[in-house]
Amino acid sequence: MSRYNYKDEYPKKYDIIVVGAGHAGCEASLAAARMGCQTLTLTVNLDHVAFMPCNPSLGGPGKSHIVREIDALGGEMALNIDATMTQIRMLNTSKGPAVHGLRAQADKERYHEKMKQTLEEQANLDLKQDVVEELVVEEGRVKGVITKTGLFFRGQKVILTTGTFLKAQVIIGEATYNSGPNQQYPANELSKSLKRLGFELLRFKTGTPPRINGNSIDFSALKEQQGESGLSFSFLSSPLEEEQDSCWLTYSNPKTHQIIKENEDRTPLFSGEIEGVGPRYCPSIEDKVKRFPEKERHQFFLEPEGKNTREYYLSGFSTSLPLDIQIKILRTLTGMEEAEIMRPGYAIEYDCVASGQFDSTLETKQVAGLYTAGQINGTSGYEEAAGQGLLAGINAALTLKDKEPLILKRSEAYIGVLIDELVTKEPKEPYRMMTSRAEYRLLLRQDNADLRLTPKGREVGLVKDKRWNHFQNKRQELEEAKKFLQNNRVTPTKEVRQQLQQYDSGSLNQPATLEELLRRPEISYQDLAAFSAELPDCSGEVARQLEIATKYKGYIDRQLQQVKKFKNMENKTLPKYLDYQNMDNLRQEAREKLSKIQPHSVGQASRIPGVSPADIQVLLIYLEKKRRSKEGQDD
Amino acid sequence: MALEQLKSDNDVIAAIATPPGTSGIGKVRLSGAEALEIADKIFVSPKEINLTEVVSHTINYGFIQNLKGKKIDEVLALVMRAPKSFTRENTVEFDCHGGMLPLKGVLQAALAAGARMAEPGEFTRRAFLNGRIDLIQAEGIIDLINSKSSKSREIALQQLQGRLSEHINKIRQQLLDISTAVEASIDFPEDEIPDFTFSELEHKLMSIKEELEELIASSKTGRFYQEGIDTVIVGKPNVGKSSLLNYFLDEERAIVTQVPGTTRDVISELITISGLPLRIIDTAGIRKTDDQVEKIGVKKSQDSLKTADLVLFMLDVSQGITEEDKEIYNLVKDKPLIILINKTDLSVDLAAEDIKRQFSEDQLVFISVKEERGLKQLKEKIYSLIMDGKTAADYEYLITRMRHLKALQNSQESLERAISAWQAGISTDLFAIDLREALIALGEITGETVTEDIIDKIFAEFCIGK
């Protein structure tokens, strides 16, 4: 310990220390504590636990899938948003069940408070404010962290969820300064500590739009977007019943674009001031105007930041232009002629860990017992961060109990897709989840997240009895209704035909099961009651589940076939720290990539760019040889 | 079977080891205990080197000549002595000039000198049996030879020169445009993604489907150029089948070779008519018989008939149409058929008139093999029947690989599903699956992946962002 400087060692020894209490940190902390580990959560600022530095909203396609998966596994995000949202809508309702996506506006302050309170009340969890400056590592294994106040906290596992704080730099026009998001204390020393430990760091960039005082907005000129009733994220919540707040739409015009063009020389993005790589899905307004000059107008949403504030987030207007220009262009927008900026938009650059340095359990390869989750891993988005935080917390806790890690497959969860891609691919920009990234999109629906994942959450010990009982009841209801549909037939009597006619459904010539009738697009589960008096009275959720499983069976089966085809490869695990460099017959590029990434299965290896099918054959031979020689020893 | 195999595993086997098609160089490989001896019979070195005497892993310059002393090609001979070769047997590889003519010539000479044609995958099998590789590796290599995977990228690059790959890419881009718009609208429902109108999209999909169908249609011709037209000659005994075959063989002496059928054990002769290869399948007879041995031959012949691309049905004009002829005709009448009326030198006009009445005239070709009459017409007939009168030069591009054809068919089927899904008003998430499958199938030819392409295109083409 001699090479580490600290004034004092904190008397309590922790199983798991989580650095950061953003969306990843909160999930990681709660999972670890709920799985029985003594957990410490350290944050730069306790008033920013589960803070939303960008949109005051959660969800959208792909992202809402992740929130539902977190919920199904026993995480907190869905419950927290359900308790604090001010508006909720279902997107993509016309595009099919696989891509339905919930989107909710959060009351930003309440979201933070509620999550903070949950952490405070959680057994086995200590929540403290301090700045972690150094990781303590001995013989390649993490031992704890040292904070700015000179305290050494001892922990067996450390999970880094530093978000955009590592060596964070805020840029507003000509002004740049060292700061975390929203004037927070940046983590400069921790970034250095990581470098000293041999981590390769990337520089990413993201941005946020200005916040506007609602009193200065002419809402009468704007298009209103209202919430919908009957919706919630968590499988355990009941729908939001309070009166919902609205979002508002406004547009830019040629005048807006003109001002932006005239000020290109003062645009940090084009003047070379910003070196970090920004996300393509979240371009700044100056970038949009430059890249799509033919577009006559761009669309922006005004999102309320909460019940107790008049601040509005101007979605789509992310910018790092100087403040005077921000004001000028803002006032060209419809209804914003007299708008007052309360907080300027800014760009923020930060360090993150380049891919290939952590494995599918999110443990780093350089330092045993050290995990990374969230934006530090090159992702963007609260949901993506929370999903990783949850898995890092679960896996750190599982290792402490000497249990197999939880690695979700691409065919099981969006979180599985997310982590698999973070492990195998070099991110060129902050990674955002999209449904088009999931090859088994039809299987990974938000409606069946619990069926996919709650048993896994139960197995690792995160799903408590309340959720488990709820789930089992639902599953039983589903199974029984399904059996009923399969075992009960309808004969083509005159009444039946008349009934079908009423539903605008084709006639019936021979007896059919209720399941076969339900396959018809125009027939709903409830409609079947007309053909069978004993039809089980299912909850809306279960009925919907049955409808999807029945109506889309053909397509679902096709995807299941695909999963089956690759199952062997996914199940063939590769030992940790294989010596790929000395494996005969591998091509050089494959050797380098495999050594760096250390995939956990042959399936994952096959997804690494630069690893060819021939290299995979070599790997399979190697595994077979090993198996044979092991059998030889056993004999 | 086991005994048979044991015996055959002692043979020297030979094959063209480079993929078919035009290329700068090609390789003929011989493997087996006596491989060096057999190679010496056909290899002539200006320095009078004997391959049986050279040091292992050396390259030797020389010529290949056939047993009659005719020079076939200038080659480099690489000698690898057992066990330091892929098969762990004595191995000689001749690096020849590319193109099928010299390669087939060298192979032919090796076969004449005592080697046996290798079966598909036989080199790998030997490597496995001799402990050079394990079963998984052997299977892997065979899978690699047979499978999609990104080996397809390499093959695609070699094979899809110029126009074909350009053409497939063009189709793929159109499909990618549609898929991109669909995916963008799914993933960014709150952004302003221009929607396709129903008929617009339907029209686009239909036109892509038509282009795929055209390509698939061309594949038949392409495969004929690549693999030959499976041709069966039928007719009762002594109508002149053998003399016709001999005539072809004679004319094309240099490129005649015995090759085993790819899908069956029938031995066939490969001949070339004006650049168009015919794989002539020797039929033992196709009529019912009680003879046990003959029965096996008949079974094989009937199998050949089933898969034949072309049937040449031969009649002896001097005998008129016999019952036996009618029986045979009934077996082949639904195949692409040319009826050869042979022995016109015997000039029996009456019978000829009768034949003309019995069959459709555009199927008929009157020939005399003996006097070499009518053979030019036969060639023309083959072209017009099989190739719609076109030659390779008439096509803009040709699909020559079964694998490519399969991929195109898969793509087209997925597209058809997509179209009917779209017409039936099925939800976008399902429609998107069909579209993506169509794209993945095309990507198997060009070696491109889909997901990243779509995502890149979404960001390049649509202004998206919160």
Selection from the range A:82-112 of residues touching a residue at least 24 places away in the same chain (Cβ under 8 Å) and in a helix (DSSP H, G or I) yields A:Asp82, A:Ala83, A:Thr84, A:Pro97, A:Ala98, A:Val99, A:Lys108, A:Glu109, A:Arg110, A:Tyr111, A:His112
A:Phe301 meets each of (1) exposed (fewer than 15 other Cβ atoms within 10 Å of the Cβ); (2) closer than 28 Å to A:Thr84 by Cβ; (3) in contact with a Gly (Cβ under 8 Å, 6 or more places away or on another chain) with one exception, condition (1)
Return the total of residues in the range A:276-290 being out of contact with any Asp or Glu (no Cβ under 7 Å at 6 or more places or on another chain), more than 7 Å from chain B (Cβ to nearest Cβ) and farther than 11 Å from A:Phe317 by Cβ. 3
Kindly check whether there is at least one residue in the range A:48-64 that is within 14 Å of chain B (Cβ to nearest Cβ) and of a type in the set (A, V, I, L, M). yes
Would you point out which residue out of B:Ile433, B:Ile440, B:Ile454 is at pLDDT below 80, within 14 Å of chain A (Cβ to nearest Cβ) and under 25 Å from B:Ala184 (Cβ atoms)? B:Ile454
Need a quick list: strands (runs of 3 or more DSSP E) entirely within the range A:9-81 having at least 3 residues that are within 15 Å of the chain's Cα centre (by Cα). A:57-59
Looking at the range A:132-148, can you tell me whether even one residue there is touching a residue at least 24 places away in the same chain (Cβ under 8 Å), out of contact with any Ser or Thr (no Cβ under 7 Å at 6 or more places or on another chain) and under 21 Å from A:Asp47 (Cα atoms)? yes
If you check A:Glu515 against the conditions, is it without any contact (Cβ under 8 Å) to a residue 60 or more places away in the chain, under 30 Å from A:Thr454 (Cα atoms) and outside the structural domain of A:Gln122 (by TED's automatic domain parsing)? yes
Can you work out which of the residues in the range A:77-120 that are within 15 Å of A:Met52 (Cβ to Cβ) and acidic (Asp, Glu) is nearest to the other protein chains (Cβ to nearest Cβ)? A:Asp107
Can you confirm whether the range B:38-46 contains a residue that is assigned to a loop (DSSP other than H, G, I, E, B), at pLDDT 90 or above and among the hydroxyl-bearing types (Ser, Thr, Tyr)? yes
So the check is Cβ under 8 Å with 6+ separation or different chains; which pairs have a first residue in the range A:177-188 that's within 14 Å of A:Leu46 (Cβ to Cβ) and not assigned by TED's automatic domain parsing to the domain that holds A:Gly163 and a second one that's modelled with pLDDT under 95 and crowded, with 20+ Cβ neighbours inside 10 Å? none
If a residue has to be within 16 Å of A:Ile325 (Cα to Cα) and touching a Ser or Thr at 6+ places or on another chain (Cβ under 7 Å) to count, how many in the range A:266-310 make the cut? 5
For A:Asn585, only one of the following conditions fails: (1) away from chain B (no Cβ under 14 Å); (2) surrounded by fewer than 19 Cβ atoms within 10 Å (Cβ to Cβ); (3) in contact (Cβ under 8 Å) with a residue 24 or more places away in the chain; (4) over 30 Å from A:Leu514 (Cβ atoms). What is its number? (1)
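Conditions tested, residue by residue: (1) within 14 Å of chain B (Cβ to nearest Cβ); (2) surrounded by fewer than 20 Cβ atoms within 10 Å (Cβ to Cβ); (3) in a helix (DSSP H, G or I).
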| position | (1), (2), (3) |
| --- | --- |
| A:Leu546 | no, no, yes |
| A:Met569 | yes, yes, yes |
| A:Lys576 | no, yes, no |
| A:Glu589 | yes, yes, yes |
| A:Lys626 | yes, yes, yes |
Per the list (1) assigned to a loop (DSSP other than H, G, I, E, B); (2) more than 10 Å from chain B (Cβ to nearest Cβ); (3) out of contact with any Pro (no Cβ under 6 Å at 6 or more places or on another chain), residue check on A:Ile325 breaks on (1)
Selection from the range A:291-313 of residues under 21 Å from A:Arg103 (Cβ atoms) and either free of Cβ contacts under 8 Å to residues at least 60 places away in the same chain or facing chain B (nearest Cβ under 10 Å) (or both) yields A:His298, A:Gln299, A:Phe300, A:Phe301, A:Glu303, A:Tyr313
Single residue of B:Lys7, B:Lys27 found to be modelled with pLDDT of 85 or more and not aliphatic (A, V, I, L, M): B:Lys27
Can you confirm whether the range A:66-73 contains a residue that is within 14 Å of chain B (Cβ to nearest Cβ) and surrounded by 24 or more Cβ atoms within 10 Å (Cβ to Cβ)? yes
Determine if the range B:90-104 includes at least one residue that is in contact with a helix residue (DSSP H, G or I) (Cβ under 7 Å, 6 or more places away or on another chain) and modelled with pLDDT under 85. yes
So A:Gln446 fits all but one of (1) at pLDDT 95 or above; (2) polar (S, T, N, Q); (3) crowded, with 23+ Cβ neighbours inside 10 Å; what number is the exception? (1)
Quick check on A:Lys223: is it basic (Lys, Arg) and in contact with a Leu (Cβ under 9 Å, 6 or more places away or on another chain)? yes
Counting only residues that are surrounded by fewer than 22 Cβ atoms within 10 Å (Cβ to Cβ) and under 24 Å from A:Leu201 (Cα atoms), which one in the range A:262-275 is nearest to the other protein chains (Cβ to nearest Cβ)? A:Leu269
Can you name every one of the helices (runs of 4 or more DSSP H) wholly within the range B:148-250 that holds 1 or more residues which are assigned by TED's automatic domain parsing to the domain that holds B:Ala424, modelled with pLDDT of 75 or more and more than 30 Å from A:Tyr251 (Cα to Cα)? B:163-187, B:198-227
Report whether or not A:Glu338 is surrounded by fewer than 21 Cβ atoms within 10 Å (Cβ to Cβ) and away from chain B (no Cβ under 14 Å). yes
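The values are calculated or read from the model by the stated rules, or taken from the named source; none is laboratory data. These figures come from a predicted structure and were not determined experimentally. Here Cβ is always computed from backbone atoms with ideal geometry, including for glycine, and neighbour counts include all displayed protein chains.
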